[in-house]
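Student: Pasting a structure here, questions to come.
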């Protein structure tokens, strides 16, 4: 490949655009980037600001090298600067002027560079086009196939596109094997200098919410609502729910008959992760009591966004939970900084039986007489 056949490349624009499902303008832009890169390889250096224009009718191309006009007589960086006295007539200091060069042929190395640019840029453009199609799927669950398992992430094939599930978005303790099919939540599309990437998740609270939406039809008609979710993926989730219709039990609605609804969600995330479904309340004290379930609470004292929760000795470990998990999730769920305080129960007064009460009354009467 001693030279780039510009006429052949011109005729290929429409073919590539149709084959890749890309706009003609995108493909033309990619080829022009490749011509600019090849020309820079043969005639300049990497600092040069070069653009190319390809005439698809004639198969001819021109490149334009942009440089800034400077006041000094000597350009210290001739790749990007040009002295005022050398610039075209009418130029002023600070202007950006372009020098036009006719493209004729390229050397072998430059041609190879152009080929690599075309392949890479087309792949990026194709990927970006696919991701744009996935933008309306952000916030939903899709089924994909595990294509590669790496130490810090799992790559998942979604058919027309692929995405990554970072370690932070995985369910703790869950094992992923290549070729296995799994459900993933499309969290967002992350864009950087290397292009766009679908970020997938199974460990986020939204994954739990979406799973419940698939199992609880009352969520769609507004009979019940999810008011908050706190999750430590693979271990425990607390979800606060409420009913908008009097007489409807929101917790029972989410649990389902014989626990069928909550069990369906647990089947997807794994039996190791427990789910606490509690009733939301606009009364902070009541909400905190619910959030700390199954612990029994004696008293809740609220000061700003801090809450001092009094519990008896037999309920202290339940309220705190294993490694502080219960109180930690309750804090996340309610938005209050919860402090568990041990409080001893007041001793119960001894009840007098009927005979003792009668004797006491007779004795008091005798004394009065």
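Bear in mind that the values in this text are calculations on the coordinates, not laboratory data. Computed from a predicted structure; not experimentally measured. Glycine also receives a Cβ, built like all others from the backbone with ideal geometry; neighbour counts cover every protein chain displayed.
Student: Under a crude label model (7 Å from the Cα following the beta-carbon direction), how far is residue 220 from residue 183 in nanometres?
Tutor: With each label point 7 Å from Cα toward Cβ, the separation is 1.4 nm.
Student: With all distinct Cα pairs included, what does the Kirkwood hydrodynamic radius of segment 131-257 come out to in Å, to one decimal, could you say?
Tutor: One over the average 1/r among Cα pairs gives 16.0 Å for segment 131-257.
Student: If neighbour count is taken as other Cβ atoms inside 10 Å, put 39, 280 in order from fewest to most.
Tutor: Going from least to most buried by this count: 280, 39.
Student: Still on this structure: Given the convex hull of the Cα atoms of segment 184-324, what is a quarter of its surface area in nm²?
Tutor: Directional mean of the projected Cα hull area for segment 184-324 stands at 11.6 nm².
Student: What share of the DSSP beta bridges in the chain is antiparallel, in percent to the nearest 5?
Tutor: Approximately 75 percent, going by the DSSP bridge assignments.
Student: Hey, in the GNM for the chain with a 10 angstrom Cα cutoff, which one of 86, 225, 126 fluctuates hardest?
Tutor: 86
Student: Any chance you could check the Cα centroid distance between segment 160-225 and segment 264-333 for me, in angstrom?
Tutor: Distance between centres, Cα-based: 26 Å.
Student: Now a separate question. Pop a pseudo-label 7 angstrom from the Cα along the beta-carbon direction at both residue 299 and residue 316 and give the gap in nm to one decimal.
Tutor: 1.7 nm
Student: Rounded, prolate or oblate: pick one for segment 242-332, where a ≥ b ≥ c are the square roots of the eigenvalues of its C-alpha gyration tensor, a/c under 1.5 means rounded, and failing that, prolate if a/b is larger than b/c, else oblate.
Tutor: Taking the square roots of the gyration eigenvalues as a ≥ b ≥ c, segment 242-332 is oblate.
Student: Under the definition of Cα pairs under 8 Å and six or more residues apart, what whole-number percent is the relative contact order of the chain?
Tutor: Once divided by the residue count of the chain, the mean separation gives 9 percent.
Student: Related question: Specify the angular offset, from 0 to 90 degrees and rounded to the nearest 10, of the alpha carbon long axis of helix 325-334 from the longest principal axis of the alpha carbons in the chain.
Tutor: So the helix axis and the longest Cα principal axis differ by about 70 degrees.
Student: Could you work out, for segment 138-201, what percent of all Cα-Cα pairs fall into each 10 Å distance bin, beginning at 0 Å and stopping at the bin that holds the largest distance?
Tutor: 22, 60, 17, 0
Student: So what are the three principal axis dimensions of segment 46-146 from its Cα atoms, in whole Å, longest to shortest?
Tutor: 64, 34, 27
Student: For segment 209-280, what mean projected area does the convex hull of the alpha carbons give, in nm²?
Tutor: Over all viewing directions, segment 209-280 projects a mean Cα-hull area of 4.4 nm².
Student: Tell me the angle of helix 6-20 to the major Cα principal axis of the chain, expressed in degrees between 0 and 90 and rounded to the nearest ten.
Tutor: Here the helix axis deviates by roughly 20 degrees.
Student: Also, I was wondering about something else. What's the extension gain from residue 101 to residue 128 if we count 0.36 nm per residue and subtract their Cα-Cα distance?
Tutor: 6.5 nm
Student: In degrees between 0 and 90, to the nearest 10, how far off the longest principal axis of the chain does helix 205-215 point, with axes built from Cα atoms?
Tutor: Orientation of helix 205-215: about 70 degrees from the principal axis.
Student: Something else now. Limiting things to C-alpha atoms, what are the Rg and the maximum Cα-Cα separation (Dmax) for segment 1-88, in angstroms?
Tutor: When restricted to the Cα atoms of segment 1-88, Rg and Dmax are 16.3, 52 Å.
Student: Kindly put 54, 84, 219, 333 in sequence by how many other C-beta atoms sit within 10 Å of each C-beta, fewest to most.
Tutor: Ordered from fewest to most neighbouring Cβ atoms within 10 Å, 54, 84, 219, 333 come out as 84, 219, 54, 333.
Student: Could you check the simple spin-label distance between residue 53 and residue 12, using points 7 Å along Cα→Cβ, in nm with one decimal?
Tutor: 2.4 nm
Student: Under the √(5λ) rule applied to the eigenvalues of the Cα gyration tensor, what semi-axes describe the equivalent ellipsoid of the chain? Give them in Å, descending.
Tutor: Taking √(5λ) for each eigenvalue gives 72, 26, 17 Å, largest first.
Student: Most exposed first by the Cβ proxy, i.e. fewest other Cβ within 10 Å, how do 243, 317 rank?
Tutor: Result, fewest neighbours first: 317, 243.
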